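Q: Input: one structure, supplied below.
Values quoted throughout were computed directly from the atomic coordinates according to the rules given, and no laboratory measurement underlies them. From a predicted model like this one, the values you see are computed outputs, not experimental measurements. Cβ: placed from backbone, ideal geometry, glycine included. Neighbour counts: every protein chain shown.
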Ligand SMILES: Cc1ncc(COP(=O)(O)O)c(C=O)c1O
């Protein structure tokens, strides 16, 4: 994400979940009382209010309380942390998984574990802010390659040959909806002896073989996978997955792991419940992907630029801030919640509507969206 652009004033809005699955309602102090269909949050599978997740959190809360009360290396480790780490490692077929309280922290830890001031980081132009902060904190030099552009990455790898190099990408870009050719990136990294971090925050539970993300099955250069439980998993917290020695290195030396209160046990319990549901329902990801391609095709048919990628994030680039905000308001008037994304979150001149699909959307949602967009 971009940070060298002028600040726009932001306003906090507060939301209450509606009774229907995919509904959000603005808090009454905004003056608007109606429920909106959620085409904006990252709760892709609608799991945040799934009874199994709620039950798991409640059971753990009743037995262990709310917070962990300490860091993992002091008094904060609970059996539920170990159970979740083991289950995630098994699911992703990686030797070691370590939990973090948030994806932001996991990303900081990942970059700081693999980069220092002697490292050159080659990062996709559009990686998440947390990864950029990690690069800054590590003291590494940063060079950015064009978004998902394997040729540009190869050019930079050649330029930095024989140097200590780390490549960073996401597998499903949160504001673009696009995905890189990860197998090619991984092979290139191997060829040039570079390490690789893949942030799977938006992909896990949603895309890839049995919804296990796009790095599933990749070997070679892939050094760390970062994921969060705050999106498709409907819970909170995050993890890094790696081989055993990297996992041990993080455990021994990562400040972002050691010096923070452990993930709240009820959140870990609901993340594990989400994992069990995702494993038992491999069709969820497939259905969401089918819906995503239907929506993409339809938007293209209606004359909009076809949103890139094939996951549940559909980015409709409209250019100016005002156009994006106007569309957001018009959609809201018709009961659809779709957020305008503006610089500095995205590059100048590429303000957009970020349309987020979820498993539990009613069928009429697409018709409604198209009707409002076509009024423009
Ligand atoms: C790509 C990406 N990585 C990491 C994060 C951070 O995850 P978390 O919300 O768990 O801190 C986010 C969330 O905003 C994200 O979009």
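Q: So how much slack lies between residue 90 and residue 14, counting 0.36 nm per residue of separation and subtracting their Cα-Cα distance, in nm? Before the final figure, lay out each step's value.
A: Working: separation 76, 0.36 × 76 = 27.36 nm, distance 3.77 nm.
Result for the pair: 23.6 nm of gain on full extension.
Q: For residue 163 and residue 66, what is the calculated FRET efficiency with R₀ set at 51 Å and r taken between the beta-carbons, to the nearest 0.05?
A: E between residue 163 and residue 66, to the nearest 0.05, is 0.65.
Q: Considering the convex hull of the alpha carbon atoms of the chain, report its projected area averaged over all viewing directions, in nm², one decimal.
A: Numbers: hull surface 73.7 nm².
With the hull built on Cα positions only, its mean projection is 18.4 nm².
Q: Oh, and also: Can you sort 332, 85, 286 from fewest to most other Cβ atoms within 10 Å of each residue's own Cβ? Write out the running numbers ahead of the final one.
A: Numbers: 332 17, 85 20, 286 13.
In increasing order of surrounding Cβ atoms, one gets 286, 332, 85.
Q: Further question on the same structure: Just check the stretch 204-294 against the gyration tensor rule for me: Cα atoms, a ≥ b ≥ c as the square roots of the eigenvalues, rounded for a/c under 1.5, and otherwise prolate or oblate depending on whether a/b exceeds b/c. Before the final figure, lay out the partial values.
A: Values: a/c = 2.70, a/b = 1.47, b/c = 1.84.
Judged from the Cα gyration tensor, the stretch 204-294 comes out oblate (a/c at least 1.5, b/c at or above a/b).
Q: Going by C-beta contacts inside 10 Å, put 23, 367, 190 in order with the fewest on the left.
A: Taking fewest neighbouring Cβ atoms as first place, the list is 367, 190, 23.
Q: Next question, about the same structure. Which FRET efficiency value, to the nearest 0.05, do you get for residue 187 and residue 298 by plugging their Cβ-Cβ distance into 1/(1 + (r/R0)^6) with R0 = 22 Å?
A: 0.05
Q: Using the count of nearby Cβ atoms within 10 Å as a rough guide to exposure, how do 27, 189, 338 rank from fewest to most? Each step should come with its number before you reach the end.
A: Working: 27 12, 189 22, 338 25.
Ordered from fewest to most neighbouring Cβ atoms within 10 Å, 27, 189, 338 come out as 27, 189, 338.
Q: Taking every pair of distinct Cα atoms and averaging 1/r, then inverting, what Kirkwood hydrodynamic radius in Å comes out for the stretch 68-152?
A: On the way: mean 1/r = 0.0674 Å⁻¹.
Value: 14.8 Å, from the Cα pair sum.
Q: Once you treat every alpha carbon in the stretch 278-376 as an equal point and sum by Debye, what is log10 I(q)/I(0) at q = 0.10, 0.12, 0.13, 0.21 Å⁻¹?
A: -0.27, -0.39, -0.46, -1.10
Q: Tell me the label-point distance for the pair residue 326, residue 249, using the 7 Å Cα-to-Cβ offset, in nm and rounded to one decimal.
A: So the label points at residue 326 and residue 249 sit 5.2 nm apart.
Q: Once a ≥ b ≥ c are taken as the square roots of the eigenvalues of the Cα gyration tensor of the stretch 279-329, is the result rounded (a/c under 1.5), prolate (a/b larger than b/c) or oblate (a/b not larger than b/c)? Mind showing how you got there, number by number?
A: Values: a/c = 3.31, a/b = 2.09, b/c = 1.58.
Prolate shape, in that a/c is at least 1.5 and a/b is the bigger ratio.
Q: How high is the FRET efficiency from residue 305 to residue 210, r the C-beta distance, R0 30 Å, rounded to 0.05? Each step should come with its number before you reach the end.
A: Values: r = 31 Å, r/R0 = 1.03.
The computed FRET efficiency comes out at 0.45.
Q: How far, in nm, would the chain grow between residue 27 and residue 58 when pulled straight, counting 0.36 nm per residue and subtracting the alpha carbon separation? Mind dumping the intermediate values first?
A: On the way: separation 31, 0.36 × 31 = 11.16 nm, distance 2.56 nm.
Result: 8.6 nm gained on full extension.
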